[in-house]
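Q: My questions will all concern the structure given below.
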Amino acid sequence: MEIPRREWIGLALALAAYALVRALVLHTNFDEFAMPQFELFPMGTIPLLSGVEGGLPVSRVYDNSAGQLLVGWLATPFYALFGETYLALKLVPLTLGAFALVFLWLVVRDSAGPRAANLAGFLFALAPTTLVKYSTFASGNHFETLAFNALALWATLRLHRKGASAARLFAVGVAWGFAAFVFLGALSTIVLLAAVHLGLRGWRDTLRDSPWLAGGFALGVSPLLALNAATGWRGFEFLQNKFTKEGSGTDLALAFERLVGFLGEHLVAATQFRDFLGLSGEIARWLFLAAFGVSYALLLPSAVRGVGSLLRGALGRGTRSPTRLDDALATILCAYLPMTALAFATSGLEIAPKDPPMEAEGYRYFNTHLFYALGVIALGAGRRISRPVMVALAAPALAAGLFNGALVDWSFSHTGLGARYDGFNVKQTANQLLTPRNGYTVEQACAMADAYEPGVRAWLYVGMGRVRAMQRVLKARGGELDLWSLLEEFPERARPEVARGVGVAFRHMARVQSRLDARFVNLMRERIAAGDALAPYALEGLATDWEVAVAWDLEKRLPELRSLREALDKEPTLAPHFARGVGAVLGRTLRRGIDMEARQIAEVAPSFAAPAPAEFYAGLGAGLEDGLRPAQLERPLSDVLPAGFDAAAIERGRATRRAELAP
């Protein structure tokens, strides 16, 4: 990979632009780029689960994409260097995106020269908004796959430029296999690469290549096979469900309708450019689509020529000229869109637009297409075309990329939030501990939870309480609820945290149903009257949200807490315990040391404390102790909380929680 120094400058500048854009959006507007329900577990939590003897086998958190595990493992060194923060987690997709840029640059450079390669690099730096946002989402698959797709593409083309030695064939096989390990959707790219290899080498040489390619592929994909074997082949079951059971099958009318929707509606919307400087994001969407469409048309003759050449080569001795190799690249890039459209048309996959700020998540299936579209634009503009024409073709796409300025909070009023948030959600691990498909008993789950340090263990038990309560609720189907007996399934020392988890379950249901379940209130009234020592913990848990909230969420979560408090106002024996739970929630929030949150908490603390000030402030103290990282308070509590707060109660709460979390 010999590249002259002057050519490296263009790549370095593209990487700098890529880093600058994402640093700006994350530093100024982190909350818009946070999907805690999809990132903090499993990806962000895997480093906390790994390497603990007797703990949860990390393979059990595998869903349908092994890239989730990869991102979790890659987060470990970033956590070690920068702390276990949400921002550190996002450095994983950012780094993989930088690798994707490098390999895209190399592919385009080898085919169309350094000028076109630099264009490709800057197009990626100023990519469509969906790609920009996903380059900061630790989703584990839809963006992370780009680096490994690009690596497989570059390795395949390089093999044919340099010659098919055994070592290169084996390395290409590994690249193909590992791309499939990261994301099953990479199979589309792998099929295209395999077809190109057959056409360039011919069937006789391909047969001779097969042992090396197959051996490398087996090695690269072996982790995926091992994971599936250990988890009931859940990844392949996902594919089967989406492409056979839920697909359009022989319903050609439905398949055609889905195809038209994919190409006529979703393709335009997939870029997700925002309004910027008074200009509509629709302008940017059509600018990008125009640049892609013209470049695609320019590249299409080469792609068609490549198809014919590859077919002839496959039946004969192959074709090895550099021109034919460039045509093969055009074939891959141009074929991906129709291939993906047909796959979508015959599948059960859904494209469901989301509300702001999560619009990009609805178009996750377009990440690879948009990435290859950048290559189409760069190659279409760069191949045997004069510089003015190249600029005219590239300018619309680059201009569209400037609309990503809408993602930056130019007021710089809430900077650096990502470093304040924890990069994990331990309690969500309980979904894997107690999901039926993993086959663990409660006793086995408790044994695994007990392998972790006290802070992690406590949240694991909270999560298990929530999961078991939800299972009981679903089983009851609105009828009489057998809830409290589930506590007997757990060891006595864990029951307070499990009871808190029961409350968490009913907090979740109250959000879904817009009201607090009367069965929970009746049960709590009975248990408190009977002097049950665990009932107060369940009422505390009722204040705790299942999902991790970012700073922007506090404003909408506070009304939910008020509604729950109002539902309990007529229950004088219950309200003090809920007040303690609200205090704990606000205390955990204060730990982060975010001024905007501190100001809101100072405003609402008196009203939440009113029913039982001592209990509320004791809960706040407990919340201040309830974290796996050191608190980031930068000011004394007396500067944050309103006059008259109960400092002694806060200290009692802190001491109580420290005792609960003692080894």
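Q: Can you report the principal axis dimensions of the stretch 426-660 using only the alpha carbons, biggest first, rounded to whole angstrom?
A: 50, 39, 33
Q: Any idea how far the Cα center of the stretch 599-624 sits from the one of the stretch 81-158, in Å?
A: Answer, in whole Å: 46.
Q: Among Leu70, Ala23, Ala12, pick out the residue whose Cα is farthest towards the positive end of the charge dipole of the stretch 10-91, where Lys and Arg carry +1 and Asp and Glu carry -1 on C-beta, about the Cα centre.
A: In the stretch 10-91, that residue is Ala12.
Q: Now for a separate question. Quickly work out the Ser321-to-Ser165 label distance, labels modelled 7 Å from Cα along the C-beta direction, and quote it in nm with one decimal.
A: For Ser165 paired with Ser321, the spin-label model returns 2.7 nm.
Q: Find the relative contact order for the stretch 1-143 and round it to a whole percent, using C-alpha pairs within less than 8 Å whose residues are 6+ positions apart.
A: Values: 147 pairs, mean separation 48.9, N = 143.
Contact order relative to length: 34 percent.
Q: Within the chain, which whole H helices from DSSP have a Cα span along their axis of at least 30 Å and a mean Kyte-Doolittle hydropathy of -0.5 or more, if any?
A: Numbers: long enough: 5-29 (36 Å, 0.78); 86-112 (39 Å, 1.57); 187-230 (38 Å, 0.82); 281-315 (48 Å, 1.11); 322-345 (35 Å, 0.97); 454-476 (33 Å, 0.14).
Correct list, ordered by number: 5-29, 86-112, 187-230, 281-315, 322-345, 454-476.
Q: Please sort by residue number the trypsin sites (Lys or Arg not before Pro) in the stretch 491-520 whose DSSP state is loop and whose Cβ has at most 12 other Cβ atoms within 10 Å. Write down the numbers at each step before the final one.
A: Details: sites: Arg493, Arg500, Arg507, Arg511, Arg515, Arg519; in loops: Arg515.
Sites meeting the loop and neighbour criteria: Arg515.
Q: Here is a follow-up. Using the beta-carbon distance between Asp450 and Arg204 and R0 = 56 Å, what value does 1/(1 + (r/R0)^6) give for FRET efficiency, to the nearest 0.05? Write out the running numbers ahead of the final one.
A: On the way: r = 61 Å, r/R0 = 1.08.
Step by step, r from the Cβ atoms, then E = 0.40.
Q: Assign unit charges at the C-beta atoms only (+1 for Lys and Arg, -1 for Asp and Glu), then state the dipole size of the stretch 426-660 relative to its Cα centre in Debye, rounded to the nearest 20. Each step should come with its number before you reach the end.
A: Numbers: 33 positive and 32 negative charges, 85 e Å.
Computed about the Cα centre, the dipole is about 400 debye.
Q: Give the long-range amide H neighbours of Thr85: residues separated by 5 or more places, or on another chain, with amide H under 5 Å away, using H modelled in the peptide plane at 1.01 Å from N.
A: The answer is Gly423.
Q: Next question. At a threshold of 8 angstrom on Cα-Cα distance, excluding pairs fewer than six apart, so keeping six or more, what relative contact order does the stretch 426-660 reach in percent? Intermediate values should be presented prior to the final figure.
A: Details: 347 pairs, mean separation 34.3, N = 235.
In percent, rounded to a whole number, it is 15.
Q: Give, as a single signed number, the net charge of other residues whose beta carbon lies under 13 Å from the beta carbon of Gln444, with Lys and Arg counted +1 and Asp and Glu -1. Walk me through the numbers before you get to the answer.
A: Numbers: positive: Arg60; negative: Glu443, Asp450, Glu489.
Result for the neighbourhood of Gln444: -2.
Q: Evaluate 2.2 N^0.38 Å with N set to the residue count of the chain, then give the Cα radius of gyration divided by it.
A: Numbers: Rg = 27.7 Å, N = 663, 2.2 N^0.38 = 26.0 Å.
Taking N as the residue count of the chain, the ratio is 1.07.
Q: Follow-up question, since we're still on this one. Express the relative contact order of the stretch 5-407 as a whole percentage, based on alpha carbon pairs under 8 Å and six or more residues apart in sequence.
A: Values: 622 pairs, mean separation 86.9, N = 403.
Relative contact order comes out at 22 percent.
Q: Would you count, across the chain, every pair of lysines whose alpha carbons are under 24 angstrom apart, provided the pair is eight or more residues apart or spans two chains?
A: Number of lysine pairs found: 10.
Q: For the stretch 500-554, which GluC sites (Glu not before Pro) pass both filters: DSSP loop (anything but H, G, I, E, B) and at most 16 other C-beta atoms within 10 Å?
A: Details: sites: Glu526, Glu540, Glu547; in loops: Glu547.
Listed in order of number, the matching sites are Glu547.
Q: Right, next: Compute the label zone of Ala662 within the stretch 444-468: residues whose backbone N is under 12 Å from the point 7 Å along Cα-to-Cβ.
A: none
Q: With a 10 Å Cβ neighbour count serving as the proxy for reagent exposure, in which order, fewest first, do Val108, Val268 appear? Walk me through the intermediate numbers first.
A: Details: Val108 28, Val268 13.
Ascending number of Cβ neighbours within 10 Å: Val268, Val108.
Q: Describe numerically, in nm with one decimal, the distance between label points set 7 Å from Cα along Cα→Cβ at Arg519 and at Glu359.
A: Label-label distance for Arg519 and Glu359, simple model: 4.1 nm.
Q: Another one. For Ser59 and Ser222 in one chain, what is 0.36 nm times their gap in residues minus the Cα-Cα distance, to one decimal in nm? It would help to have the intermediate numbers written out before the result.
A: On the way: separation 163, 0.36 × 163 = 58.68 nm, distance 1.36 nm.
Length difference between fully extended and current span is 57.3 nm.
Q: Please give the calculated 222 nm ellipticity per residue for the chain, where each DSSP H segment of at least 4 residues contributes -39500 (n - 2.57) and the sum is spread over every residue; nearest 500 deg cm²/dmol?
A: After summing the helix terms and dividing by the residues of the chain, the value is -21500 deg cm²/dmol.
Q: Let me ask something else about it. Under 19 Å from a point 7 Å along the Cα-to-Cβ line of Val512: which residues of the stretch 21-63 have their amide N that close?
A: 37-38
Q: Follow-up question, since we're still on this one. Could you check the simple spin-label distance between Glu651 and Thr76, using points 7 Å along Cα→Cβ, in nm with one decimal?
A: Reported label-point gap for Glu651 and Thr76 is 4.3 nm.
Q: Starting from the stretch 30-95, pick out the GluC sites (Glu not before Pro) whose DSSP state is loop and whose Cβ has at most 16 other Cβ atoms within 10 Å. Don't jump to the answer; show the numbers that get you there.
A: Details: sites: Glu32, Glu39, Glu53, Glu84; in loops: Glu53, Glu84.
Loop-located and lightly packed - Glu53.
Q: If you place +1 on the Cβ of every Lys and Arg and -1 on the Cβ of every Asp and Glu, how big does the dipole about the Cα centre of the chain come out, in debye to the nearest 20?
A: Details: 65 positive and 59 negative charges, 493 e Å.
Here the size comes out at about 2360 debye.
Q: Ala529 to Leu474: FRET efficiency via 1/(1 + (r/R0)^6), r the Cβ-Cβ distance, R0 41 Å, to the nearest 0.05? Don't skip to the end; give the middle numbers.
A: Values: r = 28 Å, r/R0 = 0.68.
Using R0 = 41 Å, I get an efficiency of 0.90.
Q: For the chain, with the dipole built from +1 on Lys and Arg beta-carbon atoms and -1 on Asp and Glu ones, taken about the Cα centre, which of Leu224, Ile351, Ala397 lies farthest toward the positive end?
A: Projecting each Cα onto the dipole axis, the largest value belongs to Ala397.
Q: Once the dipole of the chain is set up with Lys and Arg at +1 and Asp and Glu at -1 on Cβ about the Cα centre, which of Leu48, Ser139, Ala505 lies farthest towards its positive end?
A: Of the candidates, Ser139 comes out farthest on the positive side.
Q: Here's a follow-up. In whole angstrom, how far apart do the alpha carbon centroids of the stretch 396-440 and the stretch 443-506 sit?
A: Result: 27 Å between the Cα centres.
Only the coordinates and a few stated rules stand behind these numbers; no lab work does. Note that the coordinates shown come from a computational prediction; the quantities given were computed from them, not determined experimentally. In this analysis, Cβ positions are derived from the backbone assuming ideal geometry, glycine residues included, and neighbour counts consider all displayed protein chains.
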